[in-house]
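The values are calculated or read from the model by the stated rules, or taken from the named source; none is laboratory data. Fair warning: this is a prediction, and the values are worked out from it, not measured in the lab. In this analysis, Cβ positions are derived from the backbone assuming ideal geometry, glycine residues included, and neighbour counts consider all displayed protein chains.
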Amino acid sequence: MGDFFDAPIRARWRMVTWVAIGFAFAGVVFWALTGVGKWSNVPDYGDAAFSYYTTWAVAHGQFACAYPPQHFAGLPVPDRPYSYIAPLYPLVAGALSALLGLGARAAFPTSLAMGPHCGNALAAMHSWAGITRVTTPTVELGFLMWIVLIAGYLSTISLASYPLGRWELVGLGVVGLSFPLLDAMIHYFHPEDALGLGLILLAIRPVVRRRWWVAGSVLGLAFVAHQLAVVVLVVVLVISPWQAKWRILAAFLLTVSAVVAPFIVLQDGGSWRNIIAGSSIPQGVRSTLVGELHLSIHTSGVIARGAPILAAFALAWVMRRRHAQLATLELTSLIIVTLGLRLVFEVNLFGYYFLALAVGLVILEVMQRRFRGTVAAWLMLEAVVYSQFDIGAYSQGGTWAMFAVSIVPMFLAAAGVCVVLLQLSRHRIEWTWLAYLVIVSATMLIGMHSKSPIVMAGPLWLWQVILVCSGLMLASEPLWRIRRVGEPAESSQVRDTSSVL
């Protein structure tokens, strides 16, 4: 089996596979959305309102009201932006919206209609959207961020110093149709997560090539897309040479300032919090380990955002002190682990939060020309757990919700049974798959005797411990193989030992 996937693939078939996976993603999205049956100015997305008001304001040059005060009088609940996202995605979507002429059938509200300090901006834009029916086309622009994520995946795996063969396409299919990605795009609508992660992955190449200005600029773009990029910036600053640190930091600050400046200078309503921190500021509604401490929202927010940065700094500093050189694989592993550290300290924990860790695990496997059963089982278990907890508990129905709640667990359980039977036929079996079947079977049995989604019977923090700890262990495996003398470990499966730093 390994020889089959190690075999090289022709450029023509590679392109055909790329296009096929793209069409598969588009097909899943189209099927899920058309099955919902709510094609009106209020689409069935959880957090779409967090972004489309800012997008419309940017598309029509109304930067002063891009982050208006949250006055919800008269707005339906699905159209209330309880928070706003970081500015890069609204800038991209706004530019595309203006280019395509979305909402051109009616004049956009003027500054006078927005009211003093943009106090009437939300009501005015909501009324305009109802006339033009522009909400659904605007939301559909977010699915284009899938391309950025795939570009980041392809850029990262291309750093391997040996041909990846068909493993590249295996990973592409898993990443492009992964459950956390579909959860982010379809159920919750957070395209900025895919955009930010894609840019983070694109930043790895200039770091490896020692193009520090480019690395700092791309990380700056990633930061104004999703604030998770700051932990990667910390890692890059720690492990880079002293003369490169100032270039990286200067490029980062210049890029962030260039993107944020129009909002800060022209803004009349809104707040710095929404512009700088976006929707990532935690609000304790889910019972994670930090949530179980019953701290104030401010204190838990400081822990959720500050602790991952400190942990990333400590881990990068230890790796830098103990190992003078990091190979491309080890650097990628270090970045993926630091991205996953966010999940340890989160106050909230939704399925799409696992996007960075899930994509990172696939990248690490592909770069080593393998796909371990432990990683496959982890990806499947995450899909089973959060298809039930997130979508089952917080959905009002629809094609995607019914598919995720009813079909995903049965399909993945059947896949696990097939894997175990195949291993038994070869007179060997991995304990990982047995544990996976036991957990999935137990949760499905609980669900059959309960009116609640299956994992609602257990505390969320327990699933946090199981999934986050095991995921971080899998992602850090290349780091454990590094010899203490400071050289990257030699392995029959890891042949990428090109020095990065």
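Considering only residues of segment 122-139 that are among the polar types (S, T, N, Q) and modelled with pLDDT of 90 or more, which is nearest to P90 (Cα to Cα)?
Of everything passing the filter in segment 122-139, T138 is nearest to P90 (Cα to Cα).
Could you please find all residues in segment 178-192 being farther than 20 Å from Y84 by Cβ and at pLDDT below 85?
Scanning segment 178-192 gives D183, I186.
Where residues in segment 61-81 are over 12 Å from L122 (Cα atoms) and touching a Ser or Thr at 6+ places or on another chain (Cβ under 9 Å), which of them is surrounded by the fewest Cβ atoms within 10 Å (Cβ to Cβ)?
The qualifying residue surrounded by the fewest Cβ atoms within 10 Å (Cβ to Cβ) is A64.
What are the pairs with Cβ atoms under 6 angstrom where one residue, in segment 106-120, is on the phi < 0 side of the Ramachandran plot and the other, located anywhere, is surrounded by 14 or more Cβ atoms within 10 Å (Cβ to Cβ) and β-branched (V, I, T)? Sequence gap at least six, or different chains.
If the second residue must be surrounded by 14 or more Cβ atoms within 10 Å (Cβ to Cβ) and β-branched (V, I, T), the pairs left are A106/T132.
Going by the structure shown, is A113 crowded, with 19+ Cβ neighbours inside 10 Å and closer than 20 Å to F63 by Cβ?
Details: crowded, with 19+ Cβ neighbours inside 10 Å: no; closer than 20 Å to F63 by Cβ: yes.
Judged against the criteria, A113 is not a match.
Within the set of pairs 6+ apart or on separate chains, which have a first residue in segment 57-80 that is over 20 Å from A95 (Cβ atoms), a second that is among the charged types (D, E, K, R) and outside any helix (DSSP H, G or I), and C-beta atoms under 6 Å apart?
F72/R80
Taking segment 70-100 as the search range and keeping residues that are in a loop (DSSP other than H, G, I, E, B) and of a type in the set (A, V, I, L, M, F, W, C), which one is farthest from the chain's Cα centre (by Cα)?
Selected residue: A73.
Among V465, V455, which is assigned to a helix (DSSP H, G or I), under 25 Å from L379 (Cα atoms) and modelled with pLDDT under 50?
V455
Under 8 Å between Cβ atoms, at least 6 apart or on separate chains: pull out the pairs that start in segment 5-21 with a residue that is under 15 Å from S158 (Cα atoms) and end on any residue that is loosely packed, with under 10 Cβ neighbours inside 10 Å and β-branched (V, I, T).
none
From Y45, Y52, Y84, which residue is at pLDDT below 80, surrounded by 15 or more Cβ atoms within 10 Å (Cβ to Cβ) and not aliphatic (A, V, I, L, M)? Break it down stepwise before answering.
Numbers: Y52 fails: at pLDDT below 80; Y84 fails: at pLDDT below 80.
Answer to the selection: Y45.
For M402, work out the one condition from (1) modelled with pLDDT under 70; (2) surrounded by 20 or more Cβ atoms within 10 Å (Cβ to Cβ); (3) within 25 Å of the chain's Cα centre (by Cα) it doesn't fulfil.
Failed condition: (2).
Does L219 satisfy the criteria of being surrounded by fewer than 21 Cβ atoms within 10 Å (Cβ to Cβ), of a type outside the set (K, R) and under 22 Å from T156 (Cα atoms)?
On the way: surrounded by fewer than 21 Cβ atoms within 10 Å (Cβ to Cβ): no; of a type outside the set (K, R): yes; under 22 Å from T156 (Cα atoms): yes.
In short, no.
Yes or no: A151 at pLDDT 90 or above, touching a Leu at 6+ places or on another chain (Cβ under 8 Å), closer than 24 Å to F23 by Cβ and small (G, A, S)? Explain how you work it out, then say what you get.
On the way: at pLDDT 90 or above: yes; touching a Leu at 6+ places or on another chain (Cβ under 8 Å): yes; closer than 24 Å to F23 by Cβ: yes; small (G, A, S): yes.
In short, yes.
Please enumerate the residues belonging to segment 116-158 that are assigned to a loop (DSSP other than H, G, I, E, B) and crowded, with 21+ Cβ neighbours inside 10 Å.
Across segment 116-158, the qualifying residues are N120, V134.
Which is within 20 Å of A225 (Cβ to Cβ) and at pLDDT 80 or above, of A59, A26, A20? Before the answer, list the steps.
Values: A26 fails: within 20 Å of A225 (Cβ to Cβ); A20 fails: within 20 Å of A225 (Cβ to Cβ).
Sole residue among the options that is within 20 Å of A225 (Cβ to Cβ) and at pLDDT 80 or above: A59.
With (1) modelled with pLDDT of 70 or more; (2) closer than 30 Å to L329 by Cα; (3) more than 25 Å from the chain's Cα centre (by Cα) as the list, and V485 as the residue in question, which single condition is left unmet?
So V485 meets the others, but not (1).
When Y162 is evaluated against the numbered criteria (1) in contact with a Gly (Cβ under 8 Å, 6 or more places away or on another chain); (2) modelled with pLDDT under 90; (3) hydroxyl-bearing (S, T, Y), which criterion, by number, is the only one it fails?
Just one mismatch for Y162, condition (1).
Is it the case, given these coordinates, that L295 is in a helix (DSSP H, G or I) and at pLDDT 80 or above?
no
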